[in-house]
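Notes follow once the structure below has been shown.
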Amino acid sequence: MGTAVQRRPFALWSESAHNLRDTLVAVARAQIGTRYVLGGTTPKGFDCSGLVRYVMAALKVELPRTAAQQARIGDEVSTDPSSLRPGDLLTFGRKGRSGVSHIGIYVGQGRYIHASSVAGRVIESDLNRTGSPLIKAWRGVRRVVAGAEPDTSKASSGG
């Protein structure tokens, strides 16, 4: 008998999940520059939750409509940047208030994509960007795409 290549258990599944996250990041990045439209859910215009829902739907992952609803889906994950994986949903809220009012998609290397009402379009931002009254506080992480390894690229510490 010939020698069979031994793969660790679930290696194909892990590879598949990694490829799914790569595709998710590519779909999200393809929306960069799309204008911000309150209530928007298509490439003609997105709000933050509409963008997240659109990107996830492209991969057959169904999500509810609003950022607050989406913030309750999937598994809660630590906000430690070393535990983040591309495709994780990052939730944000106004400083001094409870609740989630903004959501984006982590794409790796300490960066995320979101539809920004301030910028007026879909942008990619650094997770550690300098705070201002216009930037909402990072509240948490939800994982709706499981599998594979955490993002091993170093999260940058500045903009």
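The values are calculated or read from the model by the stated rules, or taken from the named source; none is laboratory data. What you see is a predicted model; the values in this text were computed from it and never measured. Quick reminder, even Gly has a Cβ in these numbers, built from the backbone with ideal geometry, and neighbours come from all protein chains shown.
Note on region 95-107: among residues that are out of contact with any Leu (no Cβ under 8 Å at 6 or more places or on another chain) and part of a strand (DSSP E or B), the one that is nearest to Ala26 (Cα to Cα) is Val107. Give me the residue from region 81-99 that is of a type in the set (D, E, K, R), touching a strand residue (DSSP E or B) at 6+ places or on another chain (Cβ under 8 Å) and within 11 Å of Ala137 (Cβ to Cβ) and, out of that set, surrounded by the fewest Cβ atoms within 10 Å (Cβ to Cβ). Out of the qualifying residues, it is Lys95. Would you point out the residue of region 16-45, among those that are among the hydroxyl-bearing types (Ser, Thr, Tyr) and assigned to a helix (DSSP H, G or I), that is surrounded by the most Cβ atoms within 10 Å (Cβ to Cβ)? Selected residue: Thr23.
Could you check region 46-62 and list, in sequence order, the residues that are outside any loop (DSSP other than H, G, I, E, B) and over 20 Å from His18 (Cα atoms)? It would help to see each step written out before you state the result.
Filtering region 46-62 for residues outside any loop (DSSP other than H, G, I, E, B) gives 46, 48-57.
Matches in region 46-62: Phe46, Cys48, Ser49, Gly50, Leu51.
In region 126-149, is there at least one residue being modelled with pLDDT under 75 and in contact with a Ser or Thr (Cβ under 6 Å, 6 or more places away or on another chain)?
First pass over region 126-149, keeping only residues modelled with pLDDT under 75: 130-134, 147-149.
If we keep only those that are in contact with a Ser or Thr (Cβ under 6 Å, 6 or more places away or on another chain) too, we end up with 147-148.
Yes: region 126-149 contains one or more residues that are modelled with pLDDT under 75 and in contact with a Ser or Thr (Cβ under 6 Å, 6 or more places away or on another chain).
Quick check on region 63-79: of everything there that is assigned to a loop (DSSP other than H, G, I, E, B) and among the charged types (D, E, K, R), which residue is farthest from Leu89 (Cα to Cα)? Step by step, filter region 63-79, then rank; the result is Arg65. Is one or more of the residues making up region 83-94 within 12 Å of Ala28 (Cβ to Cβ), of a type in the set (Ser, Thr, Tyr), modelled with pLDDT of 95 or more and in a strand (DSSP E or B)? No: region 83-94 contains no residue that is within 12 Å of Ala28 (Cβ to Cβ), of a type in the set (Ser, Thr, Tyr), modelled with pLDDT of 95 or more and in a strand (DSSP E or B). Can you go through His102, His114 and tell me which one is crowded, with 22+ Cβ neighbours inside 10 Å and without any contact (Cβ under 8 Å) to a residue 60 or more places away in the chain? Answer to the selection: His102. Inside region 85-109, can you point out the residues that are within 11 Å of the chain's Cα centre (by Cα) and of a type outside the set (S, T, N, Q)? Residues satisfying the conditions are Arg85, Pro86, Gly87, Asp88, Leu89, Leu90, Ile103, Gly104, Ile105, Tyr106, Val107, Gly108. The conditions of being touching a residue at least 40 places away in the same chain (Cβ under 8 Å), of a type in the set (Gly, Ala, Ser), under 17 Å from Gly140 (Cβ atoms) and surrounded by 14 or more Cβ atoms within 10 Å (Cβ to Cβ) are not met by Gly108. Scanning region 59-99 for residues that are touching a helix residue (DSSP H, G or I) at 6+ places or on another chain (Cβ under 8 Å), among the small types (Gly, Ala, Ser) and in contact (Cβ under 8 Å) with a residue 40 or more places away in the chain returns a single hit, Gly87. Restricting attention to region 21-58, the residues that are without any contact (Cβ under 8 Å) to a residue 60 or more places away in the chain and more than 12 Å from Ile113 (Cβ to Cβ) total 12.
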